[in-house]
Amino acid sequence: MKKDIRSLYYEELEKEIRDMGEKPFRAKQIYEWLHVRLEDHFDEMTNLSKKFREQLAEEYEIFPVQMLERQVSKLDGTNKFLFRLYDDNVVESVLMKYKHGNSVCISSQAGCRMGCAFCASTIGGLQRNLTASEMLGQVYQIQKITGERVSNVVVMGTGEPLDNYDNFLRFIRLLTDERGLNISQRSMTVSTCGIVPGIRKLAQEKLQITLALSLHGSTQEKRRRLMPVANKYDFSEVLSACDEYFEKTGRRVTFEYSLVHGVNDTEEDIRELTAILKPRNCHLNLIPVNPVRERDFVRPSRENALNFKNKLEKSGINVTIRREMGSDIDGACGQLRRRYAEGGEALPPAKDSI
Ligand code: SAH
């Protein structure tokens, strides 16, 4: 297979171009085409000679993601995209429009092997990891298709980013590179189900991105019921990895908590959550669970969710309920992709599950 040129760091590209016998400033031009002008074809890189463009096309490939479907919410302008990858795998991404700017939610894997009980993305298992260029491609295509500047990126779509650590890190570094789209690290959030070694490693990278930890239960037992990953990493280890992330980066950790009626929204849960979060400098984001056809979890009423939030607030927790965006278009994360898979266009067989 040809080399994936858009996954290369600037310095790596420079070395490759030098090895081809070209001047280093050519690397600067190519990098700008790939990461600023968001060009997907060597042919269009008009400040390079035709011969050099042909040479590039022989050795490298750009692997752009290709839009299959776009849904636009009439309620709030949220856009949902289904993208095809070079091997016919599909992933979904979302553009959300807020007052403070445009936020894009990207997928980090095609499918997922984490098996969380309420999540649609994991139902068909993991197909494969996404490359850095395929993660970048989602942001780049959305910016090109909509013509709108993307200011925030959240890695909260399908997949577990820390289960695809190296590609994910490369993606972050490329997207926040000042020679590229130059998105600020503080405008980026990565969400993890709690892969402890990944969190600890990320804490060492000297990045300023926000860590979001999917909590969903406030004891080892309760997390285990919803998240198989809790069998692998004990709750106390997960919390101490989050503490380390805060100590090393100074970035306040966000805890995500999908509220499932009758499962994790009781008075006891409020007490346990308070005990865990009160001593920490953190933020809690409540997500009333999105019903997924294949699962029978029930979303609490608006009133119950508000009650849950208010009680936590009273006990001194910094808490919000996540605003629901695009509720008139394919609901929960991963549902658009699943609908596509069920439409007869079979996905390749899944790899192992956790
Ligand atoms: N693998 C990452 C990213 C997953 S999606 C992680 O686990 O954090 C981002 C968030 O949405 C996670 O907190 C996930 O648990 C949650 N989520 C997934 N399906 C959901 C659903 N049907 N309803 C509410 N939240 C859901």
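Bear in mind that the values in this text are calculations on the coordinates, not laboratory data. Since the structure is predicted, the reported quantities are computational estimates derived from the model, not experimental observations. So basically every Cβ, Gly included, is an ideal-geometry build from the backbone, and we count neighbours across all protein chains shown.
Sorted by mean Cβ packing within 10 Å, highest first, what order do the peptides 176-186, 238-248 take?
Numbers: 176-186: 14.9, 238-248: 18.2.
The packing order, highest mean first, is 238-248, 176-186.
I need to check one value: relative contact order of the chain, counting alpha carbon pairs closer than 8 Å and at least 6 residues apart, in percent. Write down the numbers at each step before the final one.
Numbers: 655 pairs, mean separation 58.4, N = 354.
Relative contact order for the chain comes out at 16 percent.
Report, in whole Å, the centroid distance computed from the Cα atoms of the range 194-218 and the range 95-120.
16 Å
Tell me, in nm to one decimal, what length is gained between residue 281 and residue 314 on full extension, where the rule is 0.36 nm per residue of separation less the Cα-Cα distance? Mind dumping the intermediate values first?
Working: separation 33, 0.36 × 33 = 11.88 nm, distance 1.61 nm.
10.3 nm is the gain from fully extending residue 281 to residue 314.
What are the chymotrypsin sites (Phe, Trp or Tyr not before Pro) within the range 1-65 that DSSP puts in a loop, where the Cβ has at most 13 other Cβ atoms within 10 Å?
none
Per 0.36 nm of contour for each residue apart, how much would the distance between residue 243 and residue 87 grow if the chain were fully extended, relative to their Cα-Cα spacing? It would help to have the intermediate numbers written out before the result.
Working: separation 156, 0.36 × 156 = 56.16 nm, distance 3.95 nm.
Additional length available on full extension: 52.2 nm.
Of the residues 133, 191, 327, which exhibits the maximal mean-square fluctuation in a Gaussian network model of the chain defined by a 10 Å Cα contact cut-off?
Maximum fluctuation in the GNM of the chain, among the listed residues, is at 327.
In the chain, if every C-alpha pair distance is counted and binned at 10 Å from zero, what percent goes to each bin?
5, 24, 32, 24, 10, 4, 1
Tell me the mean residue ellipticity at 222 nm calculated for the chain from its helices only (DSSP H runs of n ≥ 4, each -39500 (n - 2.57), averaged over every residue, nearest 500). It would help to have the intermediate numbers written out before the result.
Details: 11 runs with 120 residues, N = 354.
The per-residue figure over the chain is -10000 deg cm²/dmol.
Of the lysine pairs in the range 51-180, how many meet both conditions: Cα atoms under 26 Å apart, and a spacing of 8 or more in sequence or different chains?
On the way: 74/97; 74/99; 74/144; 80/97; 80/99; 80/144; 97/144; 99/144.
Count of close lysine pairs: 8.
Measuring from label point to label point, each 7 Å out along Cα→Cβ, what is the residue 182 to residue 28 span in nm?
1.4 nm
What is the order of 283, 41, 35, 216, fewest Cβ neighbours within 10 Å to most?
On the way: 283 17, 41 11, 35 21, 216 26.
Ascending number of Cβ neighbours within 10 Å: 41, 283, 35, 216.
Please compute the modelled spin-label separation between residue 236 and residue 9, points set 7 Å along Cα→Cβ, answer in nm with one decimal.
Going by the 7 Å Cα→Cβ label model, 3.7 nm.
Would you mind checking 206/314; 3/50; 222/309; 15/206 for any pair whose Cα atoms are more than 29 angstrom apart?
Long pairs (Cα-Cα over 29 Å): 206/314.
If a paramagnetic tag sat 7 Å from the Cα of residue 50 along the Cα-Cβ line, which residues of the range 28-44 would have the backbone N under 14 Å from that point?
Correct set: 43-44.
Dividing the alpha-carbon Rg of the range 1-145 by 2.2 N^0.38 Å yields what? Walk me through the numbers on the way to the answer.
Details: Rg = 17.5 Å, N = 145, 2.2 N^0.38 = 14.6 Å.
Cα Rg divided by the expected 2.2 N^0.38 Å: 1.20.
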